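Okay, so here's the structure we're looking at.
The values are calculated or read from the model by the stated rules, or taken from the named source; none is laboratory data. No experiment lies behind these values; they were computed from the predicted model shown. Counting neighbours? That spans all protein chains shown, and the Cβs are built from the backbone with ideal geometry, glycine included. The accessibility values were calculated without ligands, DNA or RNA, using every heavy atom of the protein model including side chains. Shrake-Rupley method; radii C 1.70, N 1.55, O 1.52, S 1.80 Å.
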Amino acid sequence: SRVFGKGTEDADLELQPLGAGDGEIAPPRQVHERPRKPLHRVWPSRSKFFCKGALMTGGETEMGITQNCSVPNLCVWTCILAPCSLYFFWVFPHLWKQGSYAMPLATLAVFLMASGFLLATCCSDPGIIPRREVILATKSAATLEAALGYDALARSSVPLDGRGGGRNLPVELTSRGYRWCRTCRIIRPPRASHCPDCDNCVLRYDHHCPFVNNCVGQRNYHFFFGFVTSVLCLALLVLPVLFWFFNSDNFELAVDGLNSVSSGVLKPVFYALILCGSLVGIAALLSFVLWSYHLFLIATRRTTKEFRRNIPNLDEEPTLCASRGPRLFDPWALVDPRDLIRADEAPPPPMGTICSACWGDDEY
């Protein structure tokens, strides 16, 4: 039988390894790293990413069809695509057969410009400054400081968790108009502001536009003004020609022929077209007013928020001709989702929309 606790003559018990039957100590368990996800999948605000993080848009909260599409944005696309479809279906071939090439080609070019500028405004980063949790989770404080020219976290005077940051800001920043954001817990530049709709701090914040379903700020104001300008030119090219074509003799003869064949069934369709044309005309007039307003803002170097609240432009930076600057966050950076949750609050519930019951809020 085996005797425990006594050594043999030729061996030292302390130097002998323990066997499996001699109370073997299991090796230490391997500590697995927490699963990480791309930042665009766990972004801690209402903005929504798609195309695997390449594009983003504001999260609509009040008039949303889905979280990435709003009723005003759908109306804008309808006001552009409906008259242009009639133009390219009826007027474009008619003018082309008559040898008029300049007008149809110019209209096509302006249509592509208006659609492109609208897509760029809807689906681009307006100049979001990442909140404290994102900066710490991605370890991008040094990169952000190099891009902004100051430490947004104020690590020299504010605790790492950001508590009490509003009372401990550096004097050299507050004297130049820099302010503390209580939601993002960062220091933002003078012309930046926190958007309550998207729940992000945005550089040179102009306004949140439900018609593009996104904020308008430093990095997409060029696209927004380009869209307003091109859609106004598109209205001047399309609507008068459609009005002329629909009042021409050939079109009236075609309509009379269709009515006689269909026994007047198509009359409501034409009345609906007239109503839609009137609405599109009103939208064109409003776009002219909007274009004139933003031309005034550009000339006076102010944003919409600065004009409405009578806030001075402290650094005299231009509104349109200034640099867009780089994107301040990497949507593909791998982060631990738990690092993006503030310790003093629970994560906000997903915002409901008109079609929440149909589409759901599952991850993609």
The simple spin-label model distance between Asp336 and Leu108, using points 7 Å out along Cα→Cβ, in nm, is 5.6
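Could you please put Ser278, Ser175 in sequence from largest to smallest accessible area, using a 1.4 Å probe?
Values: Ser278 65, Ser175 90 Å².
Of Ser278, Ser175, the descending order of accessible area is Ser175, Ser278.
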For Cys181 the rounded accessible area (nearest 10 Å², probe 1.4 Å, non-protein molecules ignored) is 0
Neighbours of Gly165 by Cβ distance under 10 Å: Lys/Arg at +1, Asp/Glu at -1, summed charge +4
Here, Ser100 and Leu275, labelled 7 Å along Cα→Cβ, have an inter-label distance in nm of 3.0
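Taking a threshold of 27 Å on the Cα-Cα distance, which of the pairs Lys139/Lys305; Lys48/Lys139; Lys52/Lys305 fall above it? Kindly include the intermediate steps, with their values, before the conclusion.
On the way: Lys139/Lys305 32 Å; Lys48/Lys139 22 Å; Lys52/Lys305 32 Å.
Checking Cα-Cα distances, Lys139/Lys305; Lys52/Lys305 exceed 27 Å.
With the other protein chains left in place, how much accessible area per residue, in square angstrom, belongs to the range 109-251 at a 1.4 angstrom probe?
Numbers: 5690 Å² over 143 residues.
Roughly 40 Å² per residue, with all protein chains present.
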So, with points 7 Å from each Cα along the Cβ direction, the Val71-Ala147 label distance in nm works out to 3.6
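Would you please put 220-229, 110-119, 48-57 in order of how densely packed they are, using the mean number of other Cβ atoms within 10 angstrom per residue and starting with the highest?
Details: 220-229: 22.6, 110-119: 18.5, 48-57: 16.6.
The densest-packed peptide leads the list: 220-229, 110-119, 48-57.
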Of Ile274, Ile341, Ile135, ordered by accessible area with the largest first and a 1.4 Å probe, the sequence is Ile274, Ile341, Ile135
